[in-house]
Amino acid sequence: MIRILSRASFKAAGGLLKDIQSRQLHGTYDIAVVGAGIVGLATARELILRHPSLSFVLLEKEKELSLHQSGHNSGVIHSGIYYTPGSLKARLCVRGATLAYEYCEKKGLPYKRCGKLIVAVEQEEIPRLKALYERGMKNNVRDLTIVDGKGIREREPYCRGIMALDSPYTGIVDWRMVALSYGTDFKEAGGTVVTEYEVNDISMIKESPAGSTEGMKYPLAVRDNKGNEVRCRYVLTCGGLYSDRLSQISGCSREPRIVPFRGDYLVLKPEKNYLVKGNIYPVPDPRFPFLGVHFTPRMDGSIWLGPNAVLAFKREGYKVYDFNAQDFADALSFRGLQKLIMRNITYGVGEMYRGLFIGAQVKNLQKYIPELSLSDVIRGPTGVRAQALDRDGNLVDDFVFDGGVGDVGSRVLHVRNAPSPAATSSLAIAEMIADEVENRFTL
């Protein structure tokens, strides 16, 4: 038996997905989508809305949808400031933010347009801040302005800085709630959602099922680790933390490799939430691969601080001591990660130190809010980022599509990487993936 999410299980977008029914899955579909994170859900939704006459099934290995990256993130709706003008990443983020706000309005999903300050606290950061402003303007980021120290204090009374970018279009939302709403749309459009289906094989079948009158209309078999089988015409995988391993099933290269990085957040104690009104971010340092710590308000009223970025010893390892031998060996044996570590050894050791000792993290945060003290924070949640790396240790920022070899490869599309911020850009990313599906397959 395979667990299929009933319509009732989607009854409250962002709810706990209760009332999961169990019944036998019927065997044939036009398209099987593997992976029910926010990218998989958005893409399944986009495809079924474009092609309502086709049959779709969405296969997810967990009991619930959107449990990993989509449910363990900062919850920010980014405006597109950071990215190279004209780049796909920039275009997707700017369009994605607009689509996200429109979608939340249409569906009645709560969000807050609380804004963001990117704050320079040192004189040497001013040129980089001004360059960011130029990028943002070229990317058509809405309502972006530069403010001085007085302007910073008017927007964030407890924040100190020399100069800042003010991005009032930046907001916050519960991205898992949004992702589950995509799932509701997919379900209501006639799609089938199957949970606890961990795909471990995609292969061509050699003969039609016994008693079938459809011949070889559905030549692909998608099997899970329990021996269940779905037959379909085409397969699309959006595997997130396992996208590289899913792609290897159909004979793809192991690269780019997914390397998991864990981010540990601190949380402000509720009585100190008055210290932060909106998002407060640092000016990015191009010497380092990740952004750095920031202050992020949440839809539930809490304030998250961080995160750091350290190698996770397990692809879904949300605790410091979570460990998986295969994941750990895959990561450390990869030449690309070795090169990344060697180029950033001091930064990496610092991130590990700040992850272990809260005081070191708080010291960084005090550059922006001097009144913050160690007693004001507690350890908070964690997330794991699926970072695609190439063999030279470069972070892969663009789409990576792959198919594989032989007959299977002509009917499978793997989304091995999608540009971040994937949640903000999810609806725009879904449009591009759906375009790619239509270009590759005869639907």
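Miscellaneous remarks
- Cut-off 11 Å (backbone N to label point 7 Å along Cα→Cβ of Ser302), residues of region 348-388: 378-382
- Whole-number D in µm²/s for the chain (Stokes-Einstein; Kirkwood sum over Cα pairs; 4 °C, 1.567 mPa s): 57 µm²/s
- Note on the chain: antiparallel DSSP beta bridges, both residues inside, total approximately 70 percent of the bridges counted.
- Placing one equal scatterer on every Cα of region 257-395 and applying the Debye formula, the log10 ratio I(q)/I(0) at q = 0.12, 0.19, 0.20, 0.21 Å⁻¹ is -0.50, -1.11, -1.19, -1.27.
- What separates the Cα centres of region 112-163 and region 48-74 is a distance of 36 Å.
- Near His414, the amide H atoms lying under 5 Å from its own belong to Thr237, Asp402, Gly403; only residues 5 or more places off or on other chains count, and H is placed 1.01 Å from N.
- Partners for Lys272 among lysines (Cα-Cα distance below 22 Å; same-chain residues under 8 apart left out): Lys112, Lys116, Lys363, Lys367
- GNM top mover of Glu196, Glu124, Glu316 - the chain, alpha-carbon springs below 10 Å: Glu124
- What you get for the chain, charging only the Cβ of Lys and Arg (+1) and of Asp and Glu (-1), is a dipole of about 500 debye around the Cα centre.
- Zone residues, region 330-346, relative to Thr84, backbone N less than 17 Å from point 7 Å out along Cα-to-Cβ: none
- The heavy atoms of Phe290 offer some 30 square angstrom of accessible surface to a 1.4 angstrom probe.
- Taking Val194, Val396, Val349 and ordering them by how much accessible surface each has at a 1.4 Å probe, largest first, produces Val349, Val396, Val194.
- As a ratio to 2.2 N^0.38 Å, the alpha-carbon radius of gyration computed for region 16-171 takes the value 1.37.
- Heavy-atom accessible area with a 1.4 Å probe sorts Thr98, Thr237, largest first, into Thr98, Thr237.
- The simple Förster model, with R0 at 45 Å and r as the Cβ-Cβ distance, assigns Ser333 and Arg440 a FRET efficiency of 0.90.
- Placing a label point 7 Å from the Cα of Lys226 along the Cα-to-Cβ direction, the residues of region 34-66 whose backbone N falls under 20 Å from that point are 34-37, 57-66.
- Positive dipole terminus of region 79-136, leading residue within Cys93, Leu109, Tyr82 (C-beta point charges): Leu109
- Reachable aspartates and glutamates, given that their alpha-carbon falls under 13 Å from the alpha-carbon of Lys63 and they are not under 8 places away in the same chain: Asp19, Glu196, Glu198
- Placing a pseudo-label 7 Å from each Cα along the Cα-to-Cβ vector at Ile205 and Leu395 gives an inter-label distance of 4.4 nm.
- Extension gain (nm, one decimal) between Val121 and Glu105, 0.36 nm per residue minus Cα-Cα: 2.2 nm
The values are calculated or read from the model by the stated rules, or taken from the named source; none is laboratory data. Computed from a predicted structure; not experimentally measured. Cβ sites come from the backbone with ideal geometry, for glycine too, and all protein chains shown count toward neighbours. With ligands, DNA and RNA removed, areas are computed over all heavy atoms of the protein, side chains included. Shrake-Rupley method; radii C 1.70, N 1.55, O 1.52, S 1.80 Å.
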